[in-house]
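So the structure is just underneath, and the comments pick up after that.
The values are calculated or read from the model by the stated rules, or taken from the named source; none is laboratory data. Not measured: the values here are computed from a predicted model. Quick reminder, even Gly has a Cβ in these numbers, built from the backbone with ideal geometry, and neighbours come from all protein chains shown. Keep in mind that these areas ignore ligands, DNA and RNA; they rest on the heavy atoms of the full protein, side chains included. Shrake-Rupley method; radii C 1.70, N 1.55, O 1.52, S 1.80 Å.
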Amino acid sequence: MTELQKRPLPVRTRRYSDGIPMNDLFRTTNPTRNPTKNPTKDPTANPTRPQSTNPAPDRAAAGTAAPVTLPRRPPPAEPDLTERPGPPVPGWVAVLTGLTALTGAAAALWRARPLRTVELPPWQWAALACCAVVAVVSFGGLTRGRTGSAWVLSLFGRYRGSVRRTGLVWISPFVLRRRIDVRLRHWRSEPIAVVDAEGSALRVVVLVVWSVRDTARALLAVDDHLGYLREQVEAASARVLSQLPADAFRGDAPTLRDAEAVGDALTRMLAAECRPVGIAVFSAQPTRIEYAPEVAAAMRRRQIAVLDAKHRDSVLTGVIDAVDDTVTRLTTRGLVELDDFERQALVKDLTVAFYTRSGGPAEPNQE
C-alpha cells in the first residue's frame, strides 16, 4: 500500500500597498548591499532617515548596547550675578554732613527764641525737618568695615554691590547689609567613606584651603556656601579616589599613595565645582587615607604578604646572581673542572648557603 503524500499547506502572503514592509523595520545593515549604490534609488530604504557617515556596528546581533558617556560639566554660573563695587561714602563725609545739619537746625531755633512762644513760617519748619532727616540718615548709615570681611548690599531683593573698604564708612540705611568673611580659610573634613578602583572601603580626611572670591555669588547664588563646599568635597573625593586602587598588589601601578597627584586632581575638580558659587579653592589635599575598620585587618595581612614576597624575590635574585658569578669565575679561571653533575651539586650548595646567610629560612637541622 502506497503512503499518502501530504498536501502542502497554503501560505498566505500579505502585501503592503504603501509604506515600509514590516520585515524592514528591524532589518540591520545588509553586508551584500553595494555601498556605492545611491540610497535614494533603493526602494526599501527609508528616505526620511538620515544616513550616518560613520555607521555603528550591528548592536542588535551582539545583544548589547554601548554605554553613552556624556562629559560632566560644572553647574552654570549666572552671568548677571557678579561682584561689583557698591556705593560707599567715606565716614568723615557723613559725619561732617550730619553735624552741619544739626548746626543749621540749632541756629534756626536760636534765632526764634524764646522756644515756648516761637512762631516760625512754614518754610522754616520744612527746613528744620530736612535738617533732622539729613542728620538721622547721615549718622544712621555709619558703619565699620573690618579687614577680611565685606558687606553685600541688596535693595528690594536686587543686588546693589559689595563694599570691601575698611574703617569708618557710610552706607545707605535703606539697603539691606549682610556681612561675609573673605579671609583665607582652611577646613579639615571628617573621615569620608569612599571606595577605591578595586571596591575596597576607605576612609579619607581632606584638608581644603579656600576663600570667598565673589561675594555676590557666595551669598546670593547658593543657599549656604559653606554647606555647598562640604558636600562638594565629599563628592569630589568619591570621584577622584575611585579611579585608582589604594595599593598596588600586582605590580608598580599608580595608586592613591601618591598624595601629590591625588591632591592635584582633587584640587582641580573641586575648584571647577565651586567656581560658579564664588568660592576659590587653592588646595585640597588628602591628609589621611586608610582602609575601613571592617577590611583593615585583611588588607594589612595582604600588604604584609606582598612585602614578604617582594623581599624574597629580591633576595633570591641576589643569590642567583652571586651563584652565577661564583661558578663562572671558578670555571673560567681554570681552578676546577666540573661536569654537569658536579656543577649542579655546586650550584645547589652555593644557593642554600647564600640564601640562608641573606635572610632566607634556614634548614631545620642547621643551628
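Can you find a residue in the range 175-191 that is aromatic (Phe, Trp, Tyr) and modelled with pLDDT of 90 or more?
There is at least one residue in the range 175-191 that is aromatic (Phe, Trp, Tyr) and modelled with pLDDT of 90 or more.
How many residues are crowded, with 16+ Cβ neighbours inside 10 Å and touching a strand residue (DSSP E or B) at 6+ places or on another chain (Cβ under 8 Å) if we restrict to the range 136-148?
5
Among the residues of the range 224-247, is there at least one that is among the hydrophobic types (A, V, I, L, M, F, W, C), out of contact with any Leu (no Cβ under 7 Å at 6 or more places or on another chain) and not in a helix (DSSP H, G or I)?
Restricting attention to the range 224-247, the residues satisfying the condition of being among the hydrophobic types (A, V, I, L, M, F, W, C) are 226, 229, 233, 235-236, 238, 240-241, 244, 246.
Narrowing further to those that are out of contact with any Leu (no Cβ under 7 Å at 6 or more places or on another chain): 226, 229, 235, 238.
Pick out the ones that are also not in a helix (DSSP H, G or I) and you get none.
There is no residue in the range 224-247 that is among the hydrophobic types (A, V, I, L, M, F, W, C), out of contact with any Leu (no Cβ under 7 Å at 6 or more places or on another chain) and not in a helix (DSSP H, G or I).
If VAL133 passes every condition in (1) at pLDDT 85 or above; (2) of a type outside the set (Lys, Arg); (3) open to solvent by less than 40 Å² (accessible area, probe 1.4 Å); (4) farther than 30 Å from VAL281 by Cβ but one, which one does it miss?
With (1) at pLDDT 85 or above; (2) of a type outside the set (Lys, Arg); (3) open to solvent by less than 40 Å² (accessible area, probe 1.4 Å); (4) farther than 30 Å from VAL281 by Cβ applied to VAL133, the lone miss is (3).
Under 9 Å between Cβ atoms, at least 6 apart or on separate chains: pull out the pairs that start in the range 119-147 with a residue that is more than 15 Å from LEU99 (Cα to Cα) and end on any residue that is open to solvent by 80 Å² or more (accessible area, probe 1.4 Å) and basic (Lys, Arg).
GLY145/ARG164; GLY145/ARG165; ARG146/ARG179; THR147/ARG183
Scan the range 233-249 and tell me whether some residue there is loosely packed, with under 14 Cβ neighbours inside 10 Å, farther than 24 Å from GLU190 by Cα and either at pLDDT 90 or above or not charged (D, E, K, R) (or both).
no
Only one residue in ALA292, ALA322 is open to solvent by less than 50 Å² (accessible area, probe 1.4 Å), at pLDDT 80 or above and in contact with a Lys or Arg (Cβ under 6 Å, 6 or more places away or on another chain). Which one?
Answer to the check: ALA292.
Please find, among LEU207, LEU153, the residue that is closer than 26 Å to ARG300 by Cα and touching a strand residue (DSSP E or B) at 6+ places or on another chain (Cβ under 6 Å).
So the residue among LEU207, LEU153 that is closer than 26 Å to ARG300 by Cα and touching a strand residue (DSSP E or B) at 6+ places or on another chain (Cβ under 6 Å) is LEU207.
If I ask for residues that are in contact (Cβ under 8 Å) with a residue 60 or more places away in the chain, farther than 14 Å from THR147 by Cα and of a type in the set (Lys, Arg), which ones from the range 160-200 would you list?
ARG160, ARG188
Name the residue that is most open to solvent (accessible area, probe 1.4 Å), counting only residues in the range 334-354 that are in contact with a helix residue (DSSP H, G or I) (Cβ under 8 Å, 6 or more places away or on another chain) and part of a helix (DSSP H, G or I).
The selected residue is ARG343.
Does at least one position in the range 257-265 carry a residue that is crowded, with 17+ Cβ neighbours inside 10 Å, free of Cβ contacts under 8 Å to residues at least 40 places away in the same chain, hydrophobic (A, V, I, L, M, F, W, C) and not in a helix (DSSP H, G or I)?
no
Residue-by-condition table, conditions (1) in contact with a strand residue (DSSP E or B) (Cβ under 7 Å, 6 or more places away or on another chain); (2) under 30 Å from ARG160 (Cα atoms); (3) in a helix (DSSP H, G or I); (4) modelled with pLDDT of 60 or more:
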position: PRO57; (1), (2), (3), (4): no, no, no, no
position: PRO67; (1), (2), (3), (4): no, no, no, no
position: PRO79; (1), (2), (3), (4): no, yes, no, yes
position: LEU96; (1), (2), (3), (4): no, yes, yes, yes
position: THR100; (1), (2), (3), (4): no, yes, yes, yes
position: ALA107; (1), (2), (3), (4): no, no, yes, yes
position: THR117; (1), (2), (3), (4): no, no, no, no
position: LEU120; (1), (2), (3), (4): no, no, no, yes
